[in-house]
Amino acid sequence: MRRRWMSAVAVTVAGLLSLSACGGGGGEKSTGGEQAAKKQVEVFSWWTGPGEADGLKAMREIFQKQNPNLTFFDAAVAGGSGDKARALLSSKLQADQPPDTFQGHAGAELQGYIKAGKLEPLNSLYDELKLKDVFPQQLVDQLTYEGNVYSVPVNIHRSNVLWFNPKVLKAAGVSAAPKTVEEFITDLEAVKKTGKIPLSIGSEWTVVHLLESVLLGSLGTDGYNALWAKGADWSNANVTKALDNFKTILSYAGAPQDDWQPAAKQVADGAAAFNIMGDWAYGYFHNPPDGGLGKKSKEDFDWAPSPGTDGTFLWLSDSFTLPKGAPNRDGALAWLKVAASKEGQDAFNPKKGSIPARKDADKSLYQDYLAWSLEEWSKDKLAGSIQHGVVANDAWKTAITEAVGLFLQSKDVAKLQQALVEAAKTNNQ
Ligand code: GAL
């Protein structure tokens, strides 16, 4: 099992991000004086949008029921994938003004916070709740540094999902989801001829998200995983071919939407054929309005492994932390207990479009796409997400994002590859 997991690459948190990130969030700070402030628990995440907020709400309800003496303060900062939230978080941590608990990704991203000395170990909580018995050991390894464990994983998300509209495919004469990158390109061309958008995309991070699926689908699991080993070679011809595929696939993209939700919606509404997005899209498609779109699985939307990646789970995991200096440490621990619990995870994940990190969750709650995902998780090989913090630390990811941003203007594969080579050299020491 162990070899299924990528070893986390760890450097420091990107504490260099700007102080001026935009805020957002669903709650209002209580103004009831010190007593009220003490009881408040500030939970920092980026789950504000449709689909995302539903899961948080479900877990929050359990928290409030179990902790009537505490007030949940939703400090979520809008923006899919949390790039904006993490920029603000970074400035708060640097200024020693942490929230009581914050969302972070298992793997390289979390290791950055740990190495920067920002987190308290959670060994006692793990012992008290016997958490090492209920989380997969390999996942705990991603949350551990020098023998101490630092966060509570709440879920497993899958990044490499090809969402598609079955009616749009049928109208284009495409009878099944493409299995390889080459088939995908043929199908994109077929859809283009019908006048529909072949591939929907959102803001820049969604293109980095697309890139990780294209790299995995083009290089294969071993080739992709090898990119994160120390001294890995990003300059070879296989990477060039993968980036050529990326360029071709992107040439079928519609106008970039503001974030992942409007891009995914184009598929569910039948304006676009395909979208490659993590399975938070399932929560958004499936959940009833207002949170979700209330769409019908297999009719309005369907899914398949992103092309060329069948048998590999490109994974990521959201986890919650206890920052050093949390103003309401006990309140944060109360939140972590809910996040760690079977009840909390079984309320959160079916809404969030993820599967539980716990091994003992109630499987009957995970139907349709989620039953498929659970099954794949139990048998697939594993590869770690780039965009969602598993394999590349924040500085490396920022360099990759910049390279992709420039590529969107230049469309120059050689320049993109050179920038990726440099990013690996600088950040994967
Ligand atoms: C990921 C996060 C998911 C989901 C997604 C879109 O980084 O792990 O839980 O929120 O971003 O916002």
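The values are calculated or read from the model by the stated rules, or taken from the named source; none is laboratory data. Bear in mind the structure is a predicted one, so any value in this text is a computation, not a measurement. As a convention, Cβ positions derive from the backbone with ideal geometry for all residues, glycine included, and neighbour counts pool all protein chains shown. With ligands, DNA and RNA removed, areas are computed over all heavy atoms of the protein, side chains included. Shrake-Rupley method; radii C 1.70, N 1.55, O 1.52, S 1.80 Å.
Some notes on this structure:
- Cα long-axis angle, helix 342-352 against the chain (0 to 90 degrees, to the nearest 10): 40 degrees
- Shown for the range 99-231: the carbon plus sulfur share of the solvent-accessible area, taken with all protein chains present and a 1.4 angstrom probe, equals 51%.
- Packing-based ranking, highest mean first, of 288-295, 331-338, 273-280, 255-262 given that Cβ atoms within 10 Å are counted: 273-280, 331-338, 255-262, 288-295
- When the charge dipole of the range 185-258 is built from unit charges on Cβ atoms (+1 for Lys and Arg, -1 for Asp and Glu) and taken about the Cα centre, the candidate among L210, V191, G220 whose Cα reaches farthest toward its positive end is V191.
- Under Karplus coefficients 6.51, -1.76 and 1.60, residue-wise ³J(HN,Hα) of the range 374-382 in Hz, glycine/proline x: 4, 5, 4, 4, 6, 10, 6, 6, 10
- Sites K363 and K296 - FRET efficiency at Förster radius 22 Å, r taken between beta-carbons, to 0.05: 0.45
- Peptides 185-191, 67-73, ordered by how many other C-beta atoms sit within 10 Å of their residues on average, highest first, read 185-191, 67-73.
- A straight chain from K324 to K130 at 0.36 nm per residue would run longer than the Cα-Cα distance by 67.6 nm.
- For L316, the residues 5 or more places off, or on other chains, whose built amide H falls under 5 Å of its own are H157, S159.
- Cα-centre dipole for the chain with unit charges at Cβ (Lys and Arg positive, Asp and Glu negative), debye to 20: 180 debye
- Between helix 237-250 and the chain: long-axis angle, C-alpha atoms, 0 to 90°, nearest 10: 90 degrees
- Cβ-Cβ FRET estimate between K247 and K425, R0 fixed at 22 Å, reported to 0.05: 0.45
- Size of charge dipole - the range 72-155 - debye, nearest 20, with Cβ of Lys, Arg +1 and Asp, Glu -1, no other charges: 240 debye
- Per residue, the chain exposes 39 Å² of solvent-accessible protein surface, assessed with a 1.4 angstrom probe and all protein chains in place.
- Placing unit charges on each Cβ (+1 for Lys and Arg, -1 for Asp and Glu) gives the range 268-376 a dipole about its Cα centre, and among Q345, Q367, L333 the Cα reaching farthest toward its positive end belongs to L333.
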